[in-house]
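Enquirer: First the structure, then my questions, so here it is.
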Amino acid sequence: MERKIYLDHNATTPVHPEVLEAMLPFYKGVFGNASSIHSFGRESKVALDESREKVAKFLNADPLEIYFTSGGTESDNLAIKGVAWANRKKGNHIVSSRIEHHAVLESCKFLEREGFEITYLPVDRYGLVDTDELKKKIRKDTILVSIIHANNEVGTIEPIEELSKVARENGVYFHTDAVQSTGKIKVDVQKLGVDLLSLSAHKFYGPKGVGALYIRRGIRLTPLSHGGHHEKARRAGTENIPGIVGLAKALEIAERDMEKEEKRLKNLSESFFKKITEKIPHVFLNGHPEHRIPNTLNLSFKGVEGESIILNLDLKGIAVASGSACTSGSLEPSHVLSAMDVPPDLAQSSLRFSFGRSNTVDEVSYVAEMLPEIISKLRSMSPIYQKEKA
Amino acid sequence: MAYSAKVMEHFQNPRNVGEIENPDGVGEIGNPVCGDIMKLYIKVKDNRVVDVKFKTFGCGAAIATSSMITELVKNKTLEQAEKISRQTVAEALDGLPANKMHCSNLAADALRKAIEDYRDRKKINE
């Protein structure tokens, strides 16, 4: 039986057994529509309300400020388009960044086609947004700022507290895509000072197809889909009770284990990085050396293309991701690495290791043993790698 | 990616990897921005490609197509070699995913460039 090692937790995570257990009753006997007034409906409504409270507690928000969606992408779309459309009379300028997830970038591009003006803030070589840049670009007609909390590709954590303060001082709403940070590091909406926040269950050992959007009291927002009065008429659609219950349970588990997991993952990531750089020359870290979510390690291996490394690892049962053009849907390399001014050939040579609950010291050591030979073999075939040059 | 067994075979065991010390023709194609670079070296004797080597920076399809084209071109006449198209390469590999067809383009172009280089060098030496 081939050994399988999963190092792509930023892409998705397996459902935690306790989460599955919590969800099952709602696929079996407790199936009522939460909007129905009979006992079947009431059972589901109780579960819905309890889950909402759990999420609110986790984020340090009020339950009335929590809205359930189908995932991170929908939450991002709802936050950005919803605020833009509802506040059009106040202004039509939005500020975001060059390293956002595609759900944010594409929502912005869509709004541009509708006549909104979007400024995409640059980042430095670590992927950090400069607060002074935001101060410069925010205007009288700015209605929203959206900056990602932790970047999914390189893991860099943005200075959200400072950035949201600038927005607040200018009377502008602040949204953050916390899809990658939720469940990995502390996410407190009061501390972060945000008005809107997106999260997605399948990134923290919950089920796929469910997420949430935190919307601070008092914010005007136009819904994406219209229909019933679910989620205070802001997000129509019969609630995905099993999914929502799963999401809430997964957050409970994340909170319970966070301190321990943070330390453990940081150790795994650091020891892996150390082993790799000891055995393989010309390896470069992409992302901030310290302000990074603990599980994410994005490395460039000079002279070797990302997909060819992934294929070799896959043949050994090891799963990772890359920022190379060949692995993206388009023929362009990672927009995140490009925004960080990573040279194109190094962007093509990038690999993202994202560790998670299932990874052990043993697994990580095994990968550290396998990788040098793979890189060596590919480098010997490369027309652009010369041992002597750096 | 849905690679055929043949592509995976060539990817894991690429043929003719390396450089030729005194090549008769060299063809280099691609650039790091688009993610694929192929360098093909040929040795020509009596109008035949008697030796061929390659080096490639690129994805699974890039490596497999490079390897396959060296197999296809060995011992062919220059005229036969020039006829090798991306379809020939892709078919020999039992097909490539649609978004990887451009890799087979690169292989055919690298070969054509190598032959062009050989002819240019010959002209200079005449």
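None of the figures in this text is laboratory data; all of them are computed from the coordinates on show. Since this is a predicted model, take the numbers as computed values, not measurements. Positions of Cβ are backbone-derived with ideal geometry, glycine not excepted, and every protein chain shown enters the neighbour counts.
Enquirer: Say the cut-off is 20 Å between C-alpha atoms; which of B:Lys43/B:Lys74; A:Lys4/A:Lys263; A:Lys203/A:Lys266; B:Lys43/B:Lys122 go over it?
Expert: Beyond 20 Å: A:Lys4/A:Lys263.
Enquirer: Relative contact order, percent, of chain A when contacts are C-alpha pairs under 8 Å separated by at least 6 residues?
Expert: 22
Enquirer: Explain nothing, just compute: Karplus ³J(HN,Hα) = 6.51 cos²θ - 1.76 cosθ + 1.60, θ = phi - 60°, for every residue of the range A:80-89 in order, whole Hz, x for Gly and Pro.
Expert: Running phi through 6.51 cos²θ - 1.76 cosθ + 1.60 with θ = phi - 60° gives 6, 5, x, 6, 4, 5, 6, 10, 4, 5 Hz.
Enquirer: Might you report the magnitude of the Cβ-based charge dipole of the range A:17-253 about its Cα centre, with Lys and Arg at +1 and Asp and Glu at -1, to the nearest 20 debye?
Expert: It comes to approximately 560 debye.
Enquirer: Taking θ as phi - 60°, what are the ³J(HN,Hα) couplings along the range A:200-206 by the Karplus curve (6.51, -1.76, 1.60), each to the nearest whole Hz, with x for Gly and Pro?
Expert: Each residue of the range A:200-206 in turn: 9, 4, 6, 8, 10, 6, x Hz.
Enquirer: Along the charge dipole of chain A, pointing to its positive end and built from +1/-1 on Cβ of Lys, Arg, Asp and Glu, which listed residue (A:His93, A:Val342, A:Ser181) has its Cα farthest out?
Expert: Toward the positive end, the furthest listed residue is A:His93.
Enquirer: A follow-up question, please. Would you list which aspartates and glutamates come within 14 Å of B:Lys45, measuring only between C-alpha atoms, while excluding same-chain residues fewer than 8 positions from it?
Expert: Cα-Cα hits under 14 Å: B:Asp24, B:Glu79.
Enquirer: Of the GluC sites (Glu not before Pro) in the range B:2-69, which ones lie in a loop per DSSP and count no more than 15 other C-beta atoms within 10 Å?
Expert: B:Glu19, B:Glu21
Enquirer: Hey, in the GNM for chain B with a 10 angstrom Cα cutoff, which one of B:Met38, B:Met68, B:Met101 fluctuates hardest?
Expert: Its mean-square fluctuation being the largest, the pick is B:Met101.
Enquirer: Next question, about the same structure. Collect residues whose amide H, placed 1.01 Å from N in the peptide plane, falls under 5 Å from the amide H of B:Asn31; neighbours closer than 5 in sequence don't count.
Expert: B:Asp36
Enquirer: Using the Cα gyration tensor of the range B:5-125, with a ≥ b ≥ c the square roots of its eigenvalues, what is the shape: rounded (a/c below 1.5), prolate (a/b larger than b/c) or oblate (neither)?
Expert: In terms of gyration-tensor shape, prolate.
Enquirer: Taking H placed 1.01 Å from N in the peptide plane, check which residues at least 5 places from B:Val17 or on another chain put their amide H under 5 Å from its amide H.
Expert: B:Phe54
Enquirer: Still on this structure, I have one more. How far is the Cα center of the range B:59-73 from the Cα center of the range A:107-158, in Å?
Expert: About 43 Å separates the Cα centre of the range B:59-73 from the one of the range A:107-158.
Enquirer: Using the Karplus equation 6.51 cos²θ - 1.76 cosθ + 1.60 (θ = phi - 60°), what ³J(HN,Hα) coupling, rounded to whole Hz, does each residue of the range A:346-357 give in order, writing x for Gly and Pro?
Expert: Karplus values, whole Hz, x for Gly and Pro: 6, 5, 5, 9, 8, 10, 10, 9, 10, 7, x, 4.
Enquirer: Still on this structure, I have one more. Give a quick list of GluC sites (Glu not before Pro) in the range A:335-390 that DSSP marks as loop, anything other than H, G, I, E or B, with at most 14 other Cβ atoms within 10 Å.
Expert: For GluC sites (Glu not before Pro) across the range A:335-390 that sit outside H, G, I, E and B with at most 14 neighbouring Cβ atoms in 10 Å, the list reads A:Glu388.
Enquirer: Across every pair of different alpha-carbon atoms, what Kirkwood hydrodynamic radius in Å does the range A:183-298 reach?
Expert: Over the range A:183-298, the inverse of the mean reciprocal pair distance is 17.2 Å.
Enquirer: Separate question: How big is the dipole moment of the protein assembly as shown about its Cα centre under a simple scheme where the beta carbon of each Lys and Arg is +1, that of each Asp and Glu is -1, and everything else is neutral? Debye, nearest 20, please.
Expert: 400
Enquirer: Of A:Ser107, A:Phe40, A:His16, which is farthest on the positive side of the dipole of the range A:1-134, counting Cα position, with +1 on Lys and Arg Cβ, -1 on Asp and Glu Cβ, and the Cα centre as origin?
Expert: Working it through, the farthest residue towards the positive pole turns out to be A:Phe40.
Enquirer: Any of A:Lys184/A:Lys274; A:Lys109/A:Lys232; A:Lys377/B:Lys76 with alpha carbons more than 25 Å apart? Name them for me.
Expert: As for pairs spanning more than 25 Å Cα to Cα, those are A:Lys109/A:Lys232; A:Lys377/B:Lys76.
Enquirer: Using only helices, what value at 222 nm comes out for the protein assembly as shown when you add -39,500 (n - 2.57) per DSSP H run of length 4 or more and divide by the total residues, to the nearest 500 deg cm²/dmol?
Expert: Dividing the helical sum by the residues of the protein assembly as shown leaves -13000 deg cm²/dmol.
Enquirer: Let me ask something else about it. If you restrict to DSSP beta bridges whose two residues both lie in the range A:129-204, what percentage is antiparallel, to the nearest 5?
Expert: Taking every DSSP beta bridge within the range A:129-204, about 10 percent pair in antiparallel fashion.
Enquirer: With +1 on the Cβ of every Lys and Arg and -1 on the Cβ of every Asp and Glu, and nothing else charged, how large is the dipole of the range A:1-104 about its Cα centre, in debye rounded to the nearest 20?
Expert: Rounded to the nearest 20 debye, it is 420 debye.
Enquirer: Positive end of the charge dipole of the range B:1-85 (Lys, Arg +1 and Asp, Glu -1 on Cβ, about the Cα centre): tell me which of B:Ala62, B:Ile20, B:Tyr3 has its Cα farthest that way.
Expert: B:Tyr3
Enquirer: So what does log10 I(q)/I(0) come out to for the protein assembly as shown at q = 0.10, 0.12 Å⁻¹, using the Debye formula with one equal point on every Cα and no solvent?
Expert: -0.85, -1.08
Enquirer: State the antiparallel share, in %, of DSSP beta bridges confined to the range A:17-253, rounding to the nearest 5.
Expert: 40
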